[in-house]
Amino acid sequence: MSSPTRLRQSAHPVAIRLLHWSLAAAVLFEFLLALARMQAESGSWRQLLMSWHQPLGLLIGAATLLRLGVRLRLRLAAWQGPQWLAWASSALHGLSYLLLLALPLVGLALANARGHAVSLPLLGALPPLLERDLDLADSLEDWHGTLAWTLLALILLHAAAAAWHQWVRRDGLLSAMALRAPKSSPL
């Protein structure tokens, strides 16, 4: 068995690491808000949770665009490994980005189809994407839920892959994403 592939750099650029973990925390909080809202019995409590959920979802969409821009501009730490692994990683990341962008848009369309305006702090109400249409709202609600659960499955797969890199391949990939940069070690 060959020795594990090591990263050529000790860490990904700081901006990528900060955006990754900030977005991860925001997405986790967004899921918790959605789950709490589903469990809430009080209408006023449900409304309060939705008033946090909607702007956070749109912020996640904007942060995803920023992260994509930063990722395209900055180089990731280089590593060599099997081509299928690079392809699988690219596919997982691409699908995750797509869902992180689609979910806020579907959520915004859902709110509009229910006849609700979505407001952002300091910006006020956003222009509606579409007219009130309760039948469409029901379909969008199904799509929003399906996309959210699909994103959660991809996040779990992403975490499992990170653990596999850390403890099976021992290739330093997880260390490259640590918020605190690891000490450089000779290859």
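The values are calculated or read from the model by the stated rules, or taken from the named source; none is laboratory data. From a predicted model like this one, the values you see are computed outputs, not experimental measurements. Here Cβ is always computed from backbone atoms with ideal geometry, including for glycine, and neighbour counts include all displayed protein chains. Accessible surface is based on the protein model in full, side chains and every heavy atom, while ligands, DNA and RNA are left aside. Shrake-Rupley method; radii C 1.70, N 1.55, O 1.52, S 1.80 Å.
Quick notes
- Helical contribution to [θ] at 222 nm, DSSP H n ≥ 4, -39,500 (n - 2.57), averaged over the chain, rounded to 500: -23500 deg cm²/dmol
- Counting all C-alpha pairs of region 112-172, share separated by more than 15 Å (%): 68
- Excluding ligands, DNA and RNA, the accessible surface per residue across the chain is 65 Å² with a 1.4 Å probe.
- Degrees, to the nearest 10: 134-164 long Cα axis against longest axis of the chain: 20
- Over region 1-159, volume per residue of the alpha carbon convex hull, in Å³: 140
- Sorting T146, T64 by solvent-accessible area of protein heavy atoms yields T146, T64, largest first, with a 1.4 Å probe.
- In degrees, nearest ten, helix 14-39 long axis to first principal axis of the chain (Cα): 40
- Ligands, DNA and RNA excluded, the heavy atoms of V14 present near 80 Å² of accessible surface to a 1.4 Å solvent probe.
- Efficiency of FRET between V168 and A63 - r from beta-carbon atoms, R0 30 angstrom, step 0.05: 0.45
- Relative contact order for region 111-187: 16 percent, from Cα pairs under 8 Å spaced at least 6 residues apart, divided by residue count.
- Spin-label pair S44/L85, simplified geometry with 7 Å Cα→Cβ offset, distance in nm: 5.6
- Among L59, L157, L85, residue whose mean-square fluctuation peaks in a GNM of the chain (springs only between Cα atoms under 10 Å): L85
- Between 0 and 90°, nearest 10: helix 43-73 axis offset from the chain longest Cα axis: 40
- Protection proxy ranking for 44-50, 116-122, using the average of other Cβ atoms within 10 Å per residue and placing the highest first: 44-50, 116-122.
- Region 16-120 - percent of accessible surface contributed by carbon and sulfur, probe 1.4 Å: 69
- Per-pair calculated FRET efficiency, R0 = 30 Å: L179 and L122 via Cβ, rounded to 0.05: 0.60
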